[in-house]
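Okay, so here's the structure we're looking at.
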Amino acid sequence: MSMLDIRNVTKQFGSLVAVNSVSMQVAAGELRAIIGPNGAGKTTFFNMISGFFSPTAGDIVFDGTTVTKLAVAERVAMGMARTFQITEIFPELTVRENIRIGVESALGLRQRFWIGAAQKAAVNRGIDEALILTGLTVNADRLVGELSHGDQRAAEIATALTLKPRLLLLDEPTAGMGEHETYAVANLIRRLHKNSAYTIVLIEHDMRVVFNLADKITVLGEGKMLAEGTPDEIAANPIVQEAYLGKAE
Amino acid sequence: MSTATTTAVTTPVMPARPWLTTAIIFAALLTVPVWLPMLGGYTALAGRVLVLGLAAMSFNLLLGFTGVMSFGHAAYFGLGAYGAGLTLKYIAPSTPLAMVGGVLLGGILGSLFGRLIAQRRGVYFAMVTVAFGQIAFYVTYSWDSLTGGYDGLRGFSRAPLNLGFTTIDITNNSTYFYYFLLFVFAVATGLQALLLASPFGRTLVAIRENERRARFLGIPIERHIWMSFSISCCFTALAGALYALLNNFADPMGLHYSLSGEIVIMTVMGGMRAFWGPLIGAALFVVLQDYISSMTVNWMSFVGLIFVLVVLFFPRGLLGMLQKGTEK
Amino acid sequence: MLQLVLYNVTNGLIIGAFYVLMALGLSLILNLSNVINFAHGNFLALGGYIAFVLTPFLGYWGALIVSPLITALFGFAIERLMIRRVYSRDPVYSLLLTFGLAFIMQDACRYIWGPSGLQTSIPDILSAPLSADLFFITWYRIFMVALVIAAVSGLFAFLRFTRVGIRIRAGTLDLDTVSILGVNVGMLRSLNFAVGSLLAGLAGVLAAGQVGLNPNMGDDLLMPSFIAIIVGGVGSLTGTLCGGLLIGVAGALTTVFWPAASEAVIYVIMLVVLILRPRGLMGQEGMMS
Amino acid sequence: MTSPTLPAIRRRTLIKSSLAVAALSAPPIISARGEVPVRIGMVDPLTGTLSALAVSEVEGAKYTVERLNKRNGILGRQVELLVEDSANDVGTGVQKTRKLIERDKVDVILGDVNSGIAYAMMGVTSELKVFHMVPGGHTDPITGADCKWNTFRVCNTTAMDAAAVTGELVKRFGKKFFFVTPDYAYGHTLQANFIKNLKALGGEYQAELLPITNSEFSATLIKAKAYKPDVLLNNMGGLAQINCMKQFTQFGMQKEMHLGGGLYEIESVRAVPADAQTGTWVMEWWWDQPNVPEVVAFVADFRKATGKTPTARHWFALVAIESIRLAAEKAKSLEGPKLALAMEGMELPRDIALTAGKSFFRAGDHQLMTDLFVGDVHPPSKGNPDDVFTIGSAVPGEVAAGSVESTGCKMVHPA
């Protein structure tokens, strides 16, 4: 059974059809990349999956449950986590505090006014795990707002990981990064996928990253699904080439 | 609330040396009856600082630590005062019960209002809170038979504290009453500090720092803003109850939005990102106002000028600047 | 009875027209600059006082025209000197700034013109009642309503047909895009603030003829204006217009049946609207958040 | 209607009075003779809606203190006046009272024009056992149900005003009244007092309660016109009172009924246009009493000293401070309890009472019993801006006040 099953979702804003009847299945443990030229509807598609807004038509099934109309918090509780194109962090807090908020929320402590020693220890373990997994241990006590772009992204991913998500949604994880940082973030994603077996869906512009990481690629264009397949299949697909390079003479 | 504010200040939740700051503040507060008269002050002034300081600190749970701006907090302050006064007048002459009465009245109404407005943000939140505050003002002002209307609620006074083994006379001894205020203040601010250090408190800071990220960590934002609003109202109402005990009187001006504005300026003046900032702001504001209003009838211009100068030149507030200074 | 009701609907529209003048100015500034101008009532008072000073020199009609323009200039200067400095900051700062400004302006009026009320004169022709049967409607009231209608039509025409007006409307919807298109957003905001002040100044001159002048005269109008905006729906000027008229009429109608509740009723309306339709009568979804 | 020179006059007055206040609150100067001066603390709303009245009271107090210091002071000591602004806010008023007593160690407290603040101040003064004089806060309970051993009052109660004016109105115009009353405690009390007196005279009435800050009276006036009363009784206060009268005159209703009410202070009368300078009202003191030589002398002296014609507010402050002097001389002390006892029943000489009738502080409720002047307000006559009132009759205070029992005061002295 697939982890994520999207059935003919459509999103209309007024007269504009941003996403037009797209379907997609992502298997457990898969790393799926979504690509497409600007204005293809990638982010709208992503926002419907994560619950930012509901589709106009169609259904989204997450791990056997229909989540089409559920609010963000409910999807998060079911194990969906995401990052954003522009890094969304708590800039005035340290890396550790950023992660702590995620851990406490994941452990269901978010409305507690008091926690015991055992829970405190569990929280600290969760924080350390996320720090190690993302290689942020050395920067743990620095303010996130002061870190480099790549490290901020890593911190955002670390915070998302605290939720122990069964599905990790990454919106352009390498956007606006230099060569070096892109490499580091791509490596981090690879580790999460290969070593920790996370199911990941990501939107990405950097084709080297996409073709290196993805198990399968979905290509969107003008709100429609253009193609789907392994990196090799996509690379050879004339429709994709046309969408990206324009119609051949 | 958003990352886009250019006044983004890189200060942690608590000052670098929280215990030192706290120790200095309490040492100063404990010795007020000794040093204040020497500087030409008087104990009642310190009482007012404590009460308004508590109100501002309670308000700051919202502004400074949740990133939500209420501009109608005087309403809950005033309701707290009426709650205390009505309890003393109609239920029982007990000072602790009066405080409970004040907190319940301000807290419950604040909580109900909060439920209606938790999904609003920014200036719109502010605007709706002002309007709501004016409803409360209007009702106390008009409900003559219960509240005494325009003339205020009279005919009650704080009762001596009966501790079982002894009775403390806080009715006629202003020094005892000051220490009583200080005790309540310490307990309330202690609770606030614990709250902010708790997981719940951290979710509030998370909402302030980045609402979208907090939402995608599974924090139910509206619910937490509502809870924060309710808690803030309860503490503000407690301050209001103390104000009623201080004056042995409650009047509708205690709910008016001009007092809301003063609470906000105290908070900003002292530093809204610092735990003790609002207290320092309240002290500065109360003393300045007391001094200026004795010197000139045009004190309103000076108070207005304080607002303008703080906003234009000292937006971090006093403690904010000090913290920035020590970090360098 | 029916007659009494009709009388009061008329009266309510007159009062509502006042709220509308105040609230439209507030609303303009709020929509484009995201600032709640707490000093708006003081701009109103200023307009009234300036007209009082000018009347001996320009006569009533001259003062009526010139005073709002001076108020607008003053608003423009205040925006340039102070308010623009806080646009990029947390909204708490703009609130505090206009709040402090309100204190200073009120105190300045008190200092210059005295704490107790001043009376302005209106031309005799305007102070007479329409007729013996319609003794409660003076020509002044008719004149006020006519002027408000003219001002509001003028404002809507300005927003619809002039370059600046169209840009203000566009900026309300999406300021970033407008600035990318090369519009001087700073100047746009200043002009917009000036237009808001102009409306307040006009309201001040009209109010002075009706209830006289005193330093706090704007305070009583500020809260109804907030409520007009909330009820009408933030972001919609038409909403503000309807909100103002609605609460004006509701207040006046209540006077017929339960006079003591005539102030309370506008708060009740706001509560009902917020519970049943949180975005206001004509507000767009999401505008309030 | 309005002269262009008006603002200039106002401005000068205001600056002068604000300077006066500033000077008064400057640090105390030890008097040349070396003894400790008698300190009088005064709390009044110098800012806010009542400021015009408060400024008059402070001027009156300042004049009186200067006059005392030129004579023998109080108990042979110089007198010093310390003024604080209550800003028309209870919390501020209470705080300033504590400041005056605790820090500045004043001997007696005066204030406030706002009855609510005056009442709250009584809590502080009685707690600290300091003598308290309320020169001009009108709410009845101050010398009624909530009376205190240390508090005396100069100005009338609303009950006295209502009783005095009702008789005059019924005698001159008729027994059918229409009340326009603000919907709060003061308005209710005032209306109840009018109705009590009206019923005793066999009258009938209709009443309408309105919000305090009401500015639109047409609906109410339409109802009044339909009722065809002899008198429209305007109980509104401040701006609402004036707007009610303006609309009354604009609608031409003065041809059909008479207008009247309780208090209409000269500070307000002078600030309104001619169409609101009308009706039958109470003046608590009036400067134009040509048959009383003490008044003529005082008015001349006050004008010389301040350039102004004294108002009831000036007189309140004068009576308050001079009475304290008399009581202090009688008690040979400024201690609260002794001063209070000395003042009970004390009769004021005519050069202080400034009226022909008998004036004294009634022991049972601490209320000053003095003549009330009922008469007609009119636009300035003979070009004198202060000549806006003609006395119809003087009603003795005791007649207007009724018995001590009827006030509800039960005076309890400290043990």
Of the residues in the range D:33-73, how many are over 24 Å from the mean Cα position of the chain (by Cα) and touching a residue at least 24 places away in the same chain (Cβ under 8 Å)? 6
For the range D:199-209, indicate whether the set of residues that are in a helix (DSSP H, G or I), in contact (Cβ under 8 Å) with a residue 12 or more places away in the chain and not aliphatic (A, V, I, L, M) is non-empty. no
What's the number of the condition residue A:60 fails, among (1) without any contact (Cβ under 8 Å) to a residue 60 or more places away in the chain; (2) surrounded by fewer than 22 Cβ atoms within 10 Å (Cβ to Cβ); (3) more than 28 Å from residue A:150 (Cβ to Cβ)? (2)
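Okay, residues lined up against (1) more than 30 Å from residue B:64 (Cβ to Cβ); (2) charged (D, E, K, R):
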| position | (1), (2) |
| --- | --- |
| C:98 | no, no |
| C:102 | no, no |
| C:111 | yes, no |
| C:119 | yes, no |
| C:163 | yes, yes |
Per-region count, the range D:254-303, residues among the acidic types (Asp, Glu), in a helix (DSSP H, G or I) and within 13 Å of residue D:354 (Cβ to Cβ): 2
Listed by first then second residue, the pairs whose first member lies in the range A:5-26 and is surrounded by 14 or more Cβ atoms within 10 Å (Cβ to Cβ), whose partner is assigned to a strand (DSSP E or B) and basic (Lys, Arg), with beta carbons under 6 Å and at least 6 positions apart or on separate chains, are A:18/A:11; A:19/A:11; A:20/A:224; A:23/A:7; A:26/A:32
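Out of B:205, B:264, I need the residue that is closer than 25 Å to residue C:99 by Cβ, touching a residue at least 24 places away in the same chain (Cβ under 8 Å) and either away from every other protein chain (no Cβ under 11 Å) or of a type in the set (A, V, I, L, M) (or both). Which one? Reasoning before the result, please.
On the way: B:205 fails: closer than 25 Å to residue C:99 by Cβ.
Sole residue among the options that is closer than 25 Å to residue C:99 by Cβ, touching a residue at least 24 places away in the same chain (Cβ under 8 Å) and either away from every other protein chain (no Cβ under 11 Å) or of a type in the set (A, V, I, L, M) (or both): B:264.
In the range C:91-110, which residue that is in contact with a Pro (Cβ under 7 Å, 6 or more places away or on another chain) and within 7 Å of chain B (Cβ to nearest Cβ) is surrounded by the fewest Cβ atoms within 10 Å (Cβ to Cβ)?
In the first step, residues of the range C:91-110 are kept if they are in contact with a Pro (Cβ under 7 Å, 6 or more places away or on another chain); the result is C:93, C:106, C:109-110.
Adding the requirement that they be within 7 Å of chain B (Cβ to nearest Cβ) leaves C:93, C:106.
Details: C:93: 22, C:106: 25.
Only one residue fits best here, namely C:93.
Could you list, in sequence order, the residues of the range A:89-108 that are touching a Phe, Trp or Tyr at 6+ places or on another chain (Cβ under 8 Å) and free of Cβ contacts under 8 Å to residues at least 24 places away in the same chain? Talk me through it step by step, then tell me what you get.
Keep residues of the range A:89-108 that are touching a Phe, Trp or Tyr at 6+ places or on another chain (Cβ under 8 Å), which gives A:97-98, A:101.
Matches in the range A:89-108: A:97 only.
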Out of (1) on the phi < 0 side of the Ramachandran plot; (2) part of a loop (DSSP other than H, G, I, E, B); (3) not hydrophobic (A, V, I, L, M, F, W, C), the odd one out for residue D:351 is which? (2)
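Suppose we filter C:35, C:20, C:92 for residues that are assigned to a loop (DSSP other than H, G, I, E, B) and more than 27 Å from residue D:270 (Cα to Cα); which single one remains?
Working: C:20 fails: assigned to a loop (DSSP other than H, G, I, E, B); C:92 fails: assigned to a loop (DSSP other than H, G, I, E, B).
On inspection, the qualifying residue turns out to be C:35.
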Looking at the range B:172-199, which of the residues that are touching a Leu at 6+ places or on another chain (Cβ under 8 Å) and at the interface with chain A (Cβ under 7 Å from one of its Cβ atoms) is farthest from residue A:119 (Cα to Cα)? B:195
Residue in the range C:227-244 that is part of a helix (DSSP H, G or I), touching a residue at least 24 places away in the same chain (Cβ under 8 Å), over 13 Å from the mean Cα position of the chain (by Cα) and surrounded by fewer than 24 Cβ atoms within 10 Å (Cβ to Cβ) present: yes
Quick check: anything in the range B:213-221 surrounded by fewer than 23 Cβ atoms within 10 Å (Cβ to Cβ), part of a helix (DSSP H, G or I) and within 14 Å of chain C (Cβ to nearest Cβ)? yes
Suppose we filter the range D:358-396 for residues that are over 18 Å from the mean Cα position of the chain (by Cα) and in a loop (DSSP other than H, G, I, E, B); how many remain? 12
Anything in the range C:258-284 that is closer than 21 Å to residue B:142 by Cβ, more than 19 Å from the chain's Cα centre (by Cα) and either outside any helix (DSSP H, G or I) or facing chain D (nearest Cβ under 10 Å) (or both)? List them, or say none. C:258, C:259, C:260, C:261, C:262, C:264
Pick from the range A:102-140, criterion surrounded by fewer than 16 Cβ atoms within 10 Å (Cβ to Cβ) and within 25 Å of the chain's Cα centre (by Cα), ranking: farthest from residue A:153 (Cα to Cα): A:108
Collect the residues in the range D:81-97 that are over 20 Å from residue B:40 (Cβ atoms) and either at the interface with another protein chain (Cβ under 7 Å from one of its Cβ atoms) or of a type in the set (Asp, Glu) (or both), keeping them in residue-number order. D:87, D:89, D:90, D:91
Per the filter on the range B:117-151, residues within 14 Å of chain D (Cβ to nearest Cβ), touching a Pro at 6+ places or on another chain (Cβ under 8 Å) and either among the aliphatic types (A, V, I, L, M) or without any contact (Cβ under 8 Å) to a residue 60 or more places away in the chain (or both) are B:142
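Out of D:101, D:142, D:117, D:109, which single residue is in a strand (DSSP E or B) and in contact with a strand residue (DSSP E or B) (Cβ under 9 Å, 6 or more places away or on another chain)? Talk me through it step by step, then tell me what you get.
On the way: D:101 fails: in a strand (DSSP E or B); D:142 fails: in a strand (DSSP E or B); D:117 fails: in a strand (DSSP E or B).
The unique qualifying residue is D:109.
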Which residues, taken from the range B:267-299, are hydrophobic (A, V, I, L, M, F, W, C), within 13 Å of chain C (Cβ to nearest Cβ) and free of Cβ contacts under 8 Å to residues at least 40 places away in the same chain? B:292, B:297, B:299
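What is the residue count in the range A:138-191 for residues that are in a loop (DSSP other than H, G, I, E, B), in contact with a Lys or Arg (Cβ under 7 Å, 6 or more places away or on another chain) and charged (D, E, K, R)?
Residues of the range A:138-191 that are in a loop (DSSP other than H, G, I, E, B), as a first pass: A:140-142, A:147-148, A:162-166, A:172-178.
When the remaining residues are screened for being in contact with a Lys or Arg (Cβ under 7 Å, 6 or more places away or on another chain), the result is A:140-141, A:173.
Pick out the ones that are also charged (D, E, K, R) and you get A:141.
Total satisfying the criteria: 1.
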When you check residue B:106 against the structure, is it in contact (Cβ under 8 Å) with a residue 24 or more places away in the chain, under 26 Å from residue B:203 (Cα atoms) and away from every other protein chain (no Cβ under 11 Å), yes or no? yes
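Among the residues of the range B:153-170, is there at least one that is assigned to a helix (DSSP H, G or I), more than 9 Å from every other protein chain (Cβ to nearest Cβ) and crowded, with 22+ Cβ neighbours inside 10 Å?
From the range B:153-170, those assigned to a helix (DSSP H, G or I) are none; that's our starting set.
Within the range B:153-170, not a single residue is assigned to a helix (DSSP H, G or I), more than 9 Å from every other protein chain (Cβ to nearest Cβ) and crowded, with 22+ Cβ neighbours inside 10 Å.
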Does at least one position in the range C:111-122 carry a residue that is within 14 Å of chain B (Cβ to nearest Cβ) and among the aliphatic types (A, V, I, L, M)? yes
Looking at the range A:41-122, what helices (runs of 4 or more DSSP H) fall wholly within it and have at least 3 residues that are of a type in the set (Gly, Ala, Ser) and modelled with pLDDT of 90 or more? none
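The values are calculated or read from the model by the stated rules, or taken from the named source; none is laboratory data. Everything quoted here is computed from the prediction, not taken from an experiment. Because the Cβ atoms are built from the backbone with ideal geometry, glycine has one as well, and the counts that use them run over all protein chains shown.
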